[in-house]
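For reference, the structure discussed in these notes is given below.
The values are calculated or read from the model by the stated rules, or taken from the named source; none is laboratory data. Nothing here was measured: the structure is a model prediction, and the numbers come from that model. Here the Cβ positions follow ideal geometry from the backbone for every residue, glycine too, while neighbour counts run over all protein chains shown. These area figures cover heavy atoms from the full protein model, side chains too; ligands, DNA and RNA do not enter into them. Shrake-Rupley method; radii C 1.70, N 1.55, O 1.52, S 1.80 Å.
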Amino acid sequence: MIYKTAAPAPLSARAYEAIKERILSLELPPGHFINEGELCKLTGMGRMPVHQAVHRLMTDGLLKVIPRKGIIIGAESANEVAEALEARGAVEPHIAALAAERATPEQIKHIEKLLKQSRKVADQRFRREFMNLDRLFHAAVAEAAGNKMLVDAQRPLQERSARIWSVVNMRRPDGLRMTQEEHEAVFDAIRRGDRDGARRAMQVHIASLRRRMKEGTDLT
């Protein structure tokens, strides 16, 4: 079963996704000041949906509203990024193990389709496209685990580490290829119904991300 959260109003949801995508891709970099009027121009949407999106993004920790100054794009500290990755390492291997047990044929096909798409863009020229598919891959594995609470737990952890992921993969030419290969290993175990193999493959993937992020950003 694929769990779906209640959808917000369509325009606010579109504004939320449009602004979040720009934050995670570093088009709106950490520490950057902006106001709601500029976000309206950037997204082509009105004040109300943008205002609602801003409040949702504040809850996500992706931006802050500074009185009399405007909106500042949030910047995670090295410690916060390390904590997010540590949490992912505790949660996502178990998610992968459950997905190996519970994934439906339709979910297997969906994950396989995502991997085929990301295989075609595992190149720095298409970094933004690959990054979006990376998020969709992890979300699809979480949904295949068949536990809504785990889906809700996985999503913010993955997004909190996404911007550092982006920086690292700009600096490392083979970063996207490595991530693709690690995703393929996770999927192979899920497709075979190998619970322990899926757990190990996801552990390897998260450990690889932690190592590459530490090397690429001098995290301590």
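Odds and ends about this structure:
- Compactness of the chain - radius of gyration and Dmax, Cα, Å: 17.5, 56
- Entries in 20/69; 20/148; 113/148; 116/214; 109/148 that, when Cα-Cα distance is taken, lie over 26 Å: 116/214
- Among 125, 88, 56: highest mean-square fluctuation, GNM of the chain, C-alpha pairs under 10 Å: 125
- Placing R0 at 45 angstrom, the Cβ-Cβ distance between residue 116 and residue 75 gives a FRET efficiency of 0.80 after rounding to 0.05.
- Per residue accessible area of the chain, 1.4 Å probe, in Å²: 51 Å²
- Report note on the peptides 143-151, 64-72: ranked by the mean count of other C-beta atoms within 10 Å, highest first, their order is 143-151, 64-72.
- Over the chain, relative contact order from alpha-carbon pairs under 8 Å, at least 6 apart, %: 25 percent
- Top of 12, 25, 118 by mean-square fluctuation, Gaussian network on the chain, Cα under 10 Å: 12
- Against the chain, whose longest principal axis comes from its Cα atoms, helix 78-102 is set at around 40 degrees.
- Dipole magnitude of the chain, debye to nearest 20 (Cβ charges: Lys/Arg +1, Asp/Glu -1, about Cα centre): 400 debye
- A 1.4 Å probe over all protein chains sorts 102, 192, 160 by accessible area into 192, 102, 160, starting with the largest.
- Among the protein heavy atoms of the chain, carbon and sulfur supply 54% of the accessible surface, probe 1.4 Å, non-protein parts ignored.
- In plain terms, the chain from residue 211 to residue 124 could stretch by 29.4 nm, reckoned as 0.36 nm per residue minus the Cα-Cα distance.
- Angle between the chain longest axis and helix 175-191 axis [Cα atoms, degrees, rounded to 10]: 50 degrees
- Working from label points 7 Å from Cα in the Cα-to-Cβ sense, the residue 148 to residue 33 distance is 4.3 nm.
- Derived value for segment 83-144: Kirkwood hydrodynamic radius 12.5 Å. Basis is the mean of 1/r over every pair of different alpha-carbon atoms.
- If the chain linking residue 174 and residue 192 were pulled fully straight, counting 0.36 nm for each residue of separation and taking away their Cα-Cα distance, it would gain 3.7 nm.
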